[in-house]
Amino acid sequence: MSRSRFVRAAAFGLGVALLAAAPAGAEESEWGYALANELMSPYCPGRALAECPSPQAEELRGWILDQERAGVSREQVEAQLYAQWGDSLLQAPRAEGVGLVAYFIPGVVILAGGALVAVFLRRQRREPAERPAPARLAPVDDDLERQVEEELRDSSQGSW
């Protein structure tokens, strides 16, 4: 490896190491933007706070950033927001109390559906039960049989 390639590789490695270390500090100091992306908007149902175009949402995002600049912790801001709007700000229900139902119902439905499919496939795989032998026909009368054969012979000799 030439010296210039080595220097470039070392510089690249140092840059990657510095960039990897930078997000930890940046994440702590820029939690306001991250919080706006994690919370649902109380003004635009079904949208994150960061995506809501309403003026009230813009004001709330500004308030969160002001709290961050003032040195208020993220946990205090979240507690204040949840006290005002409740769990409607969450993107997913809490995994506690009644919110557990939202996590268990899909699992129960999947297990029940799998059990039904297994029962259906097991029944389809079984060999059919032996069918009873067909009922035997009564013996044919010899005179009747001879008469039918004669009529068939006569009709086959006839012209079309």
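Within region 58-98, the only residue that satisfies the criterion of being outside any loop (DSSP other than H, G, I, E, B), under 15 Å from ALA34 (Cα atoms) and small (Gly, Ala, Ser) is GLY62.
Results for (1) in contact (Cβ under 8 Å) with a residue 12 or more places away in the chain; (2) outside the structural domain of GLU30 (by TED's automatic domain parsing); (3) surrounded by fewer than 10 Cβ atoms within 10 Å (Cβ to Cβ), shown as yes or no for each residue.
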site: LEU49; (1), (2), (3): yes, no, no
site: ALA57; (1), (2), (3): yes, no, no
site: GLN67; (1), (2), (3): yes, no, no
site: SER73; (1), (2), (3): no, no, no
site: GLY86; (1), (2), (3): no, no, no
site: ALA102; (1), (2), (3): no, yes, no
site: ILE105; (1), (2), (3): no, yes, no
site: GLY113; (1), (2), (3): no, yes, no
site: ASP142; (1), (2), (3): no, yes, yes
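The values are calculated or read from the model by the stated rules, or taken from the named source; none is laboratory data. Since the structure is predicted, the reported quantities are computational estimates derived from the model, not experimental observations. Cβ coordinates were reconstructed from backbone atoms using ideal geometry, including for glycine residues, and neighbour counts include every protein chain displayed.
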